[in-house]
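Note sheet for the following structure.
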Amino acid sequence: MSYPTTWQPPRFFTNPYVRYGVILGVLGYFLLSFLTLDADWQRTLKGIPRAIDIFQRMFPPNFSRWEILVRGVLESVQMALAASFFGMIIAIPVGICAANNLVPKPIYYIGRAFLGISRTFHSIIIAIFFVKIFGFGPLAGVLTLIVDSFSFIGKMVAEDIENMKPGKLEAIRATGASFPKLLIYAVLPPVLPRYIGVSIYRLDANIRHSTVVGIVGAGGIGQTLAASFSRYDYGFSLAILMTIVSLVFLGEFFSNWIRAKLR
């Protein structure tokens, strides 16, 4: 009888019949889903010449209206900065209320429900909702990004607090410290670096998302892009797309620079 000479991690399904059955079931499900899409392939093939025509009409990019580009970019950056700032602030109490080891159960359930509801809907759906309430413009975009920011950062804060070692919390509580002192001396030191890193990442994400929510009328350079496509001004559309790519790259470099300074 031969024994294995190398260690292999245990398989999720130890029974080979069950393992291969699950694989076949998953493949069959994907095949069935693909066949039931009811896609019109003839219409899809007819769209290829239209796509080629659009790309041909995009060149060369039209930067003649650079004032509109600059105004849209500045609006997107302002939306991202404002949303990140307010989202970081709101995320702190929300994350604390959603930490199971820090607050009573009723407050915990309320905090978790609030985070769950705010994370349920996509940012485009939230942007459409705010556009219907406040009308077209950057206010709807800022509110949308604020919801995205505090729900994301708040969840990270809550999970970091819950992953803390219980000994430190119990030691601070045993001294009779008040709840604010418990936050300052037990929670703040281990959670703060992660909180700053996640907030910087969220700022980078908000710069990207600010160009997307504008497509539904929530301000920023995305709204300018949607207007150019509706006017079939494809040369200007390409200029906007190139500007958006440059903006995202600048946001990435900026976030990397801040993280390097904070190390």
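No value in this document is a laboratory result; all are computed from the given coordinates. These figures come from a predicted structure and were not determined experimentally. No Cβ is skipped: glycine too gets one built from the backbone with ideal geometry, and neighbour counts run over all protein chains shown.
Listed values, structure above:
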item: Shape metrics for the chain, restricted to C-alpha atoms - Rg then Dmax, Å; result: 24.9, 79
item: Spin-label pair Ala39/Lys132, simplified geometry with 7 Å Cα→Cβ offset, distance in nm; result: 3.1 nm
item: Sorted by Cβ density within 10 Å, fewest first, the residues Trp257, Trp41; result: Trp41, Trp257
item: Relative exposure of Ser118, Ser210, Ser76, Ser178, judged by other C-beta atoms within 10 Å (fewest first); result: Ser178, Ser118, Ser76, Ser210
item: Unit Cα scatterers, Debye sum, region 94-244: log10 I(q)/I(0) for q = 0.21 Å⁻¹; result: -1.20
item: Region 147-243: chymotrypsin sites (Phe, Trp or Tyr not before Pro) falling in loop per DSSP and having at most 16 other Cβ within 10 Å; result: Tyr232
item: Estimated FRET transfer efficiency when R0 is 22 angstrom, pair Arg119-Gln78 (beta carbons, to 0.05); result: 0.35
item: Ile23 versus Tyr232: modelled label distance in nm, points set 7 Å from Cα along the beta carbon direction; result: 5.2 nm
item: Under 19 Å between alpha carbons - lysine pairs in the chain that sit 8 or more apart or on different chains; result: 4
